[in-house]
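The values are calculated or read from the model by the stated rules, or taken from the named source; none is laboratory data. Please read all numbers here as calculations on a predicted model, not as lab measurements. Virtual Cβ from ideal backbone geometry, glycine too; neighbours counted across all protein chains shown.
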Amino acid sequence: MASEPAAPTPQHETTLGLSNEKMGMWAMIGSECLFFGALIAAYLIYVNAFGDAPEINPSTIYDIPFTSVSTFILLMSSLGVVLALSGAQQGDDRRMRTWLLATALMGATFLSGQIYEFTVFMEEGMRMSTSPFTTSFYVLTGFHGVHVGVGVLMLLTLWGRSLAGKLERRKSEIVENVGLYWHFVDIVWIIIFTVVYLIPAE
Amino acid sequence: MRAGGPRLVGGTPRRWQRTMRLGVLLVIAGLIAGCAADAPQDALDPRGPSAQASHDLWNIVFPIAVVVFVLVQGLLLVAVWRFRKRRDDGDELPSQVHGNTRLEILWTLIPAVILAGIAVPTIDTIFDLAAEPDDALQVRVVAKQYWWEFEYLDDEGQGVITSGQLHIPTGRPVYLHLEALSASIPDPGGVGDKTGSVAQGVLHSFWVPRLAGKQDVVPGQTRNLTLEADEPGRYEGQCAEFCGLSHSRMRFQVIAEDPDEFTAWLDEQAQPVEPVDEDADPLVAEGEALFDTATCIQCHAIDGYESPVDGSTAELRIGPDLTHFASRDTLAGAFLENNRENLADWIRDPQDVKPGAQMPNLIEDGLLEEDEVEPLVEYLMSLE
Amino acid sequence: MAATAESDTSRNPFRRPKATTGFWSWLTTTDHKKIGILYFVTAFTFFIIAGLQALLIRVQLAGPDGQALNPDQYNQIFTMHGITMIFLALMPLSAGFFNFVMPLQIGARDVAFPRLNAFSYWVFLFGGIFIYSSIFLGGMPDGGWFNYAPLSSQVGPDPMAGTIVDAHVSRMLFYSIGLQIVGLGSLVSSVNFVVTILNMRAPGMTLMRMPVFTWMTLVTSFLMLFAMPIIGVALWQLMFDVRFGGNFFDPSAGGDPILWQHMFWLFGHPEVYILILPAFGLVSEVLPVFSRKPIFGYAALVFSGIAIGFLGFGVWAHHMFAVGMGPVANAAFALTTMFIAVPTGVKIFNWLGTVWGGKLTFPTPMLFALGLIGMFTIGGLSGVTHAVVPHNYQHTDTYYVVAHFHYVLFGGALFGLFAGMYYFFPKMTGRMLGEKLGKWHFWLILIGFNATFAPMHILGLQGMPRRVDTYPAGYGWEFWNAVETAGSFLIAVAVLIFVINVVISRRSGVVAGDDPWDARTVEWLTTSPPKPHNFDEIPQVTSRDELWNRKYTSDHGKPIRVPAGGSGEAAHEHEAHDIHMPDPSFFPLVAALGITIAGYGVFTGGIAMAAIFGLGLVVGLYGFFGWAFEPPSEDDH
């Protein structure tokens, strides 16, 4: 949906001067705030609900140095998408493509880190069904991961399209919209990282 | 534009009036027919302080609602009648009024003031009803799919457990501790939040309309409700939160008695059963043995029971406690009359009587023969 | 760019569809008017299904100890009646109006994202079919539309062990996945409508010149935008609990079943306004036209709508007063609930103000609009009694509540929708909907509706709980239940008359012309039915009642008609060859299909699950990529 086509009235300026696509993206992001808000709320409700497995809790399970590194990579990727946009705006397609690819790779690295983290947790006996804490952890971070995955897919698509010379019309705006989404996903992770990993449970 | 359309009301004014009068009479007749009927769960017929408190608020808010109703519908009908386009009207347009700020303020403020007026006694009553009364009889209520168990917690109750029918003394508040538990796991007893597998179960809602409003019952948590009856009587109650296949069959009765009678009842319920004298009543004695061999004993408790087969006692409380089964006049979640015929039907095919019930079909499972139903029924009916 | 488009088409196994008429044109259309009609037809079909379910419920409850349905069937049917009416009938009927009417009202050629619009429709349709496919796959959802945990979330054996055979799990998955799919359609359409209204208005159409219906569309869209993700999360949580051993709502593992109720009603109460505000908007269009004077207190109507939208998110726990949240929470939600009655009252009084002093005619749309004022007032007043918490303990979960919300959703929302259908039918089809049958329809449904639902107030107060599959004799409930059942059949007759009326009028109704009602807003400026590009020339808007002001002028405060020719209808002669509309597209349908296929994966396990997910993913991605790479129209440059 990154490149939802132009309105059927391209000859008209939009009423508010903002393009439809960008406004649509903002609306979608507003909605996503509620989505993640509800997931984070559920996690906070259950952060101390360990069921029959009190040994699996935030202080025993999280590997904060590791997650900090992957968090850092994801945050840096926001810079990448900014550079890609600046490339697009200045008509420097090579620079745009380089940074699109780099951003996608950083996103993919973060995802790999998350998958690795999940497998380690699984091995330590932390399963979806262990306790409300584990369920809400997996569902929250998992849905964030899915959002990163969708973002990576969109970035790679833009990269591929540009490489094939098919990303011309309103290029910088498309990159900007994907960038908006990407920044949002990053900001959500900052909140999740703070709430889930950094604030210690009781 | 197609011509005007017919008027909202047809015919001459007189005919219309007659129709109206007839309609009003019909509505009143209907209301009388509806309300005067014998309605044992009528919330508009409070018989205890809790229900009365709710009803007092209703008596404030309902007249206000009626006034607003008459006002709005009246204005609507007047407008429709007065401002209808008449046949002799020309094409002249009405004056194009866009609004009136003073009116807007008026009809924002007046409802707000009325609502604020209603809010004061409402909030007052909310806090009143939530407070725990002094000197209350403490009763633990356990909701299972689909029946209610009542356990008297005070020392004077001597641990009396009954199901389907809650006896209370008149004129004294009863403070209920409500829990929802799984229908298939033994009741661990005690009031308090439950964790682990004992917290399994679904939502129910405890409701005796003439004595108090509803209180939902939540698995894993304890809820409280105050109940009090002014007069002796039998008050029908029913589960009011959807709980599965036999939600509609999850009933109970509250039986309010004079304090003396209640105490006598409690003493009687505290007595364990006596072993059956085989010579006096061989059929009942056969049933006593069947209670063990047909595996009833695995789910039902009978205080004082001693198996004639191997001396085992009946203590597990998965299904209802049957110690004084025959002293209750309802059966199977208190929606059937407790008589021999209904009991036999229930034992033969519980699912047919009450779909979704946890009680197994003993005959289908090969644990009970058809000709063993009668002795079992006789034994249970002997448990006065 | 032209070359790009060509090469895209040549690689595309689906050639770019061109047809604008016939079967395929409906599958591929991106025209908001056609999509609107698709919504109407589909939603009305679901409405009839849900109506038949209601009749079954009434037959079962006609007398004590009903034998028509067994408890399992009854639970499935009352559940599906609620789900269908709310998600598959009323919401999409409103969406039909949003689609058809709103772009015309703001003078736009289409919505902001035409293909996303088609996608919304297809996920709604497939989601509905998905839920109903449960009939053949172990039974329909049976936990009520509210589907309270833990009755819904209880899990049987190890959920990770391959194929699921447990009917309960399957039914709950049909509930959670099916509503998830349907909800996705509502969510993306809300994005679409928000952007369209904010960004695609005709020149001069300022926010405070927008028709009230468009305003209510905007408020409703924002409500959907913020409420759908909440139910989305709740449905995901339910799915993880039921299928993957999650513990969100399982009290035995430390989860809290009340969390589901909070999540559900945090969505569920705004949902009530999502259902009713569009009807309020329609009525606000109909009343001024047939009173022949402007809407009274436009600003008050708009701001009360916005206020209801905001407050709608702060009253959810009044559905849970008997849960035992404690006196403080109960008192707080009692106050917010009483407070929300104020803007609702403002609306009713402004409608009365609109009618007052007018010159009223009573064609069917007006009858339904007046009916809404009368009937919704009853629902609103019983709503205020819910806020009286101690009495709410008595009447919650009884037929009193059933009566209340039917007065809101039937006497309110549905009456408003019927008013809108009679009012806009000429614009949609070019023909009037028959007045004679229309009058029969209105009076029968008014009588039938009141006969069915008014007695429920009494039954509820006499202690008849909701969701009971039978009731015994001797509780004083027999008489009114029999009356209700009779009333429900009267409603059925009325709906049948409506269907017949539509079929007849569609073929041989009176030809309407552009502006059959002497209306006030710009959608009546264009032809009936409108051309694909809506307006040959986008109207320049100078006032709230734009069309009216083109037709009438003020002479010493007395409005008089402007001689013909001044109404801007001369613009019809203008040739429209240079207006580009988006071409039809297969891809929204394909993408929606992919999502629906993937939904079935959750029911299986192991390889089957991977295969179904994979297939859904491939189909869905094909749809989304094809869509993203396809230009809006082939000759776009």
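Observations
- Any hit, region B:151-165, residues being within 14 Å of another protein chain (Cβ to nearest Cβ) and surrounded by 22 or more Cβ atoms within 10 Å (Cβ to Cβ): no
- Per the listing C:ALA419, C:ALA387, C:ALA403, the residue uniquely among the aliphatic types (A, V, I, L, M), over 26 Å from B:ASP89 (Cβ atoms), more than 10 Å from chain B (Cβ to nearest Cβ) and surrounded by 24 or more Cβ atoms within 10 Å (Cβ to Cβ) is C:ALA403.
- Residue match in region C:287-304 (condition: away from chain B (no Cβ under 13 Å), on the phi < 0 side of the Ramachandran plot and touching a residue at least 40 places away in the same chain (Cβ under 8 Å)): no
- Given (1) farther than 30 Å from C:LYS347 by Cβ; (2) without any contact (Cβ under 8 Å) to a residue 24 or more places away in the chain; (3) facing another protein chain (nearest Cβ under 8 Å); (4) not in a loop (DSSP other than H, G, I, E, B), number of the condition B:ALA53 does not satisfy: (2)
- The numbered conditions (1) buried (at least 18 other Cβ atoms within 10 Å of the Cβ); (2) at pLDDT below 85; (3) in a helix (DSSP H, G or I) are all true for C:PRO582 except (3).
- Unique residue being closer than 28 Å to C:ILE295 by Cα and surrounded by fewer than 24 Cβ atoms within 10 Å (Cβ to Cβ) when the list is C:PHE213, C:PHE222: C:PHE222
- When the test is whether a residue is without any contact (Cβ under 8 Å) to a residue 24 or more places away in the chain and either within 14 Å of chain C (Cβ to nearest Cβ) or out of contact with any Phe, Trp or Tyr (no Cβ under 7 Å at 6 or more places or on another chain) (or both), A:ALA27 passes it.
- Test: residue in region C:407-426 that is more than 16 Å from the chain's Cα centre (by Cα) and under 15 Å from B:ASN59 (Cα atoms): no
- Tabulated pairs, region A:128-139, first facing another protein chain (nearest Cβ under 8 Å) and among the β-branched types (Val, Ile, Thr), second buried (at least 24 other Cβ atoms within 10 Å of the Cβ) and not in a helix (DSSP H, G or I), C-beta under 6 angstrom, 6+ apart or interchain: A:THR135/C:GLY246; A:THR135/C:ASN247; A:THR135/C:PHE248
- Single residue of C:ALA332, C:ALA369 found to be closer than 23 Å to C:PHE226 by Cα and assigned to a helix (DSSP H, G or I): C:ALA332
Results for (1) more than 21 Å from B:PHE206 (Cβ to Cβ); (2) touching an Asp or Glu at 6+ places or on another chain (Cβ under 6 Å), shown as yes or no for each residue.
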position: B:PHE242; (1), (2): no, no
position: B:ILE255; (1), (2): no, no
position: B:PHE262; (1), (2): no, no
position: B:GLU278; (1), (2): yes, no
position: B:ALA285; (1), (2): yes, yes
position: B:GLU288; (1), (2): yes, no
position: B:ASP292; (1), (2): yes, no
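- Number of the condition not met by C:PHE244 [criteria: (1) surrounded by fewer than 23 Cβ atoms within 10 Å (Cβ to Cβ); (2) within 14 Å of chain B (Cβ to nearest Cβ)]: (2)
- Exactly one residue out of A:ILE174, A:ILE192 is of a type in the set (Val, Ile, Thr) and either over 16 Å from A:PHE35 (Cα atoms) or assigned to a loop (DSSP other than H, G, I, E, B) (or both): that is A:ILE174.
- One residue from C:VAL195, C:VAL219, C:VAL169, C:VAL191 being closer than 19 Å to C:GLY268 by Cα and part of a helix (DSSP H, G or I): C:VAL219
- Pairs with Cβ under 7 Å, 6+ apart, first in region B:105-127 and more than 7 Å from every other protein chain (Cβ to nearest Cβ) and closer than 18 Å to C:PHE321 by Cβ, second surrounded by fewer than 19 Cβ atoms within 10 Å (Cβ to Cβ) and at pLDDT below 95: B:PRO121/B:ILE60
- Flag for C:PHE498 being in contact (Cβ under 8 Å) with a residue 40 or more places away in the chain, in a helix (DSSP H, G or I) and over 23 Å from the mean Cα position of the chain (by Cα): no
Residues checked against (1) under 30 Å from C:TRP260 (Cβ atoms); (2) within 13 Å of another protein chain (Cβ to nearest Cβ); (3) more than 14 Å from the chain's Cα centre (by Cα); (4) touching a residue at least 60 places away in the same chain (Cβ under 8 Å):
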| residue | (1), (2), (3), (4) |
| --- | --- |
| A:TYR116 | no, no, yes, no |
| A:GLU176 | no, no, yes, yes |
| A:GLY179 | no, no, no, yes |
| A:PHE184 | yes, no, no, yes |
| A:ILE187 | yes, no, no, no |
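- Subset of region C:599-616 (residues that are farther than 18 Å from C:GLY127 by Cβ, free of Cβ contacts under 8 Å to residues at least 60 places away in the same chain and either small (Gly, Ala, Ser) or surrounded by 16 or more Cβ atoms within 10 Å (Cβ to Cβ) (or both)): C:MET609, C:ALA610, C:ALA611, C:GLY614
- Checked against (1) part of a strand (DSSP E or B); (2) away from chain C (no Cβ under 14 Å), B:GLY171 passes all but condition (1).
- Test for C:ASN350: is it assigned to a helix (DSSP H, G or I), polar (S, T, N, Q) and within 7 Å of another protein chain (Cβ to nearest Cβ): no
- Residue identified as buried (at least 24 other Cβ atoms within 10 Å of the Cβ), more than 23 Å from C:GLY474 (Cβ to Cβ), touching a residue at least 60 places away in the same chain (Cβ under 8 Å) and within 13 Å of chain C (Cβ to nearest Cβ) among B:ALA212, B:ALA183, B:ALA199, B:ALA143: B:ALA143
- Check on C:MET432, under 24 Å from the mean Cα position of the chain (by Cα), surrounded by 20 or more Cβ atoms within 10 Å (Cβ to Cβ) and facing another protein chain (nearest Cβ under 10 Å): yes
- Being part of a loop (DSSP other than H, G, I, E, B), within 12 Å of another protein chain (Cβ to nearest Cβ) and surrounded by fewer than 24 Cβ atoms within 10 Å (Cβ to Cβ) is a condition met by no residue of region B:228-239.
- For region C:444-473, the candidate set comprises residues that are surrounded by fewer than 23 Cβ atoms within 10 Å (Cβ to Cβ) and out of contact with any helix residue (DSSP H, G or I) (no Cβ under 8 Å at 6 or more places or on another chain); within that set, the residue that is nearest to the other protein chains (Cβ to nearest Cβ) is C:PRO472.
- Annotation note: of C:ALA317, C:ALA329, the sole residue that is more than 7 Å from every other protein chain (Cβ to nearest Cβ), closer than 30 Å to B:GLY237 by Cα, touching a residue at least 40 places away in the same chain (Cβ under 8 Å) and surrounded by fewer than 24 Cβ atoms within 10 Å (Cβ to Cβ) is C:ALA317.
- Screening the candidates B:GLU378, B:GLU384 for the property of being more than 18 Å from B:SER184 (Cα to Cα) and not in a loop (DSSP other than H, G, I, E, B) yields one hit, B:GLU378.
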